[in-house]
Amino acid sequence: MEFQQTQVQPLHASYVALDEVKKRWAIAVGYEVMCRIGNSISATLHKVGFHPTGVIGAIGAAAAAGRVAGLDSAHIDALFGIMGSRASGSMQYLDNGAWNKRLRPGWAAHNALIGVQLVKAGTTGATKLVEGSFGLLKAYDHGNVDSLIVKNIGRVWEARNTAIKPYACCSLIHGAIDAIYLLRKDTTPAPTAELEVHISKKGLLIVGNAASNRVCLKNIVDA
């Protein structure tokens, strides 16, 4: 079933054996990095065919792993640079509901742990992965520096705006599902009534097109 957080989610798998306080800090830092970068570029990622979990998840997982490893800011910067070589994930899985989509959280966590070991071994990584001349913002958002990444950082935790999916399908249509449930609960439609439901432009791009596996779902990824 496609139940998961409505933000990207590659953080938990590698931290089961940690001290509880370190675990919570690692998860909080990783989520915050993902949420802030995601707020900035996730819409563009979808538009150009990249899956945010694969791109942003790699950086969030690195933030969490770097926190656990006790890396200083220079080494975290190097770790992010290394993860820039692992931050990817085509949304072509939409064409046939391919399961490679579901591997990306695990790959993000795995690559982050490998990245930590590379940094500890002295491997250098590209600096300024997010804001650099050829960084994430340049590659995925045409170089626009979005204040959403740093706005109120340290005072407002964007991770608090995450939620668990109530329905086993893409979160982009959850609002429409809620609306339909409320209408069914509060109204008695006529036998010939018609209902037209509108969704966001991004939702239309991802789940609202007329592809055959959108009209007739073939597997859980299609949902």
**OP:** Select from the stretch 27-51 the residues that are within 22 Å of Arg155 (Cα to Cα), modelled with pLDDT of 90 or more and over 10 Å from the mean Cα position of the chain (by Cα) and write down the one among them that is surrounded by the fewest Cβ atoms within 10 Å (Cβ to Cβ).
**Re:** Ala28
Subject >> Residues of the stretch 193-205 satisfying the condition of being out of contact with any helix residue (DSSP H, G or I) (no Cβ under 6 Å at 6 or more places or on another chain) and at pLDDT 75 or above >> reply: Glu194, Leu195, Glu196, His198, Ser200, Lys201, Leu204, Leu205
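Is it fair to say Tyr181 is under 22 Å from Gly57 (Cβ atoms) and either in a helix (DSSP H, G or I) or modelled with pLDDT of 80 or more (or both)? Let's see the steps before the verdict.
Values: under 22 Å from Gly57 (Cβ atoms): no; either in a helix (DSSP H, G or I) or modelled with pLDDT of 80 or more (or both): yes.
So Tyr181 does not fit the description; no.
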Original post:
Residues of the stretch 110-152 being under 18 Å from the mean Cα position of the chain (by Cα) and not hydrophobic (A, V, I, L, M, F, W, C), which ones?
Top reply: His110, Asn111, Gly135, Tyr140, Asp141, Asp146
**OP:** From the list Lys138, Lys165, Lys151, pick out the single residue that is in contact with a His (Cβ under 9 Å, 6 or more places away or on another chain), under 28 Å from Ala63 (Cα atoms) and not aliphatic (A, V, I, L, M).
**Re:** Lys165
Subject >> Identity of the residue in the stretch 96-129, modelled with pLDDT under 90 and in a loop (DSSP other than H, G, I, E, B), that ends up surrounded by the fewest Cβ atoms within 10 Å (Cβ to Cβ) >> reply: Asn96
**OP:** Working carefully through the options Gly54, Gly60, Gly89, find the one that is on the phi > 0 side of the Ramachandran plot, touching a Phe, Trp or Tyr at 6+ places or on another chain (Cβ under 8 Å) and modelled with pLDDT of 90 or more.
**Re:** Gly89
**OP:** Determine the pairs where a residue that is touching a residue at least 40 places away in the same chain (Cβ under 8 Å), located within the stretch 170-185, has a partner that is surrounded by 14 or more Cβ atoms within 10 Å (Cβ to Cβ) and of a type in the set (Gly, Ala, Ser) with Cβ atoms under 6 Å apart, the partner being 6 or more residues away or on another chain.
**Re:** none
**OP:** Take the stretch 185-209 and flag every residue that is more than 25 Å from the chain's Cα centre (by Cα) and in a loop (DSSP other than H, G, I, E, B).
**Re:** Thr187, Thr188, Pro189, Ala190, Pro191, Thr192, Ala193, Glu194, Leu195, Glu196, Val197
Original post:
Can you tell me which residues in the stretch 86-141 are in contact (Cβ under 8 Å) with a residue 24 or more places away in the chain and of a type in the set (D, E, K, R)?
Top reply: Arg86, Asp95, Lys101, Arg102, Arg104, Lys120, Lys128, Asp141
**OP:** Could you identify the single residue in Arg214, Arg155 that is surrounded by 12 or more Cβ atoms within 10 Å (Cβ to Cβ) and more than 18 Å from the chain's Cα centre (by Cα)?
**Re:** Arg214
Original post:
Mind checking which residues of the stretch 130-161 are over 22 Å from Ala74 (Cα atoms), part of a loop (DSSP other than H, G, I, E, B) and not basic (Lys, Arg)?
Top reply: His142, Gly143, Asn144, Asp146, Asn152, Val156, Trp157
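The values are calculated or read from the model by the stated rules, or taken from the named source; none is laboratory data. Keep in mind that this is a model prediction, so the values were computed, not measured. We place every Cβ from the backbone using ideal geometry, glycine too, and count neighbours over all the protein chains shown.
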